[in-house]
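To start, the structure under review is shown below, and the notes come after it.
Laboratory data are not the source of any read-out in this text; all were calculated from the coordinates shown. Nothing here was measured: the structure is a model prediction, and the numbers come from that model.
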Amino acid sequence: MSDKNPLVQLLYISTITPSADTSLSSILASARRNNQANDITGMLMFNGKRFLQVLEGPVEAVEATYDRINLDPRHRAQVVLARRTIAHREFGDWSMAYRDGTGPTDSALYETICAKVADAHPNLRAELTAFARNI
Ligand SMILES: Cc1cc2nc3c(=O)[nH]c(=O)nc-3n(C[C@H](O)[C@H](O)[C@H](O)COP(=O)(O)O)c2cc1C
């Protein structure tokens, strides 16, 4: 992946729409497939109710992807928590890392999430680190 062009990193949170046809594995499969094709990296966390996702890559690709995600009826109440220009990818080796609480505890990912929200409002930061800790 080339990082010569300006890169942007977007962090949002949303709430799952309770629905019989929401398949997390299909969300993840299309995310991985599309993101690899669009030069986007990032991570997706799900705690049973809310999604927390980081998208990073070329600005046009990230905005187009987020526009698509934002229209997805499988979730609602999307809130963009941070959108910033980055010099280097922070999730460069992940097409879409994913935690749903079923795997072993990954303290490195937890530390990364804490660092990512270090500049957020204290209430928000507490919510997000709790999110990461509890999945
Ligand atoms: C919580 C959530 C996260 C998603 N993340 C991505 C993503 O990172 N990349 C992506 O292309 N689509 C993502 N999607 C799916 C898109 O909303 C959309 O369904 C998909 O991009 C359509 O492309 P497809 O027809 O190739 O599946 C996500 C959907 C949800 C509900």
*Using the C-alpha gyration tensor of region 7-104, what are the square roots of 5 times its eigenvalues, in whole angstrom, with the largest one first?*
21, 15, 13
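Could you work out how much longer the chain between Ser26 and His88 gets when fully extended? Use 0.36 nm per residue separation minus the Cα distance between them, nm to one decimal. Please list the in-between numbers first.
Values: separation 62, 0.36 × 62 = 22.32 nm, distance 2.88 nm.
Fully extending the segment from Ser26 to His88 adds 19.4 nm.
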*Taking H placed 1.01 Å from N in the peptide plane, check which residues at least 5 places from Val8 or on another chain put their amide H under 5 Å from its amide H.*
Gly57, Val59, Ile86
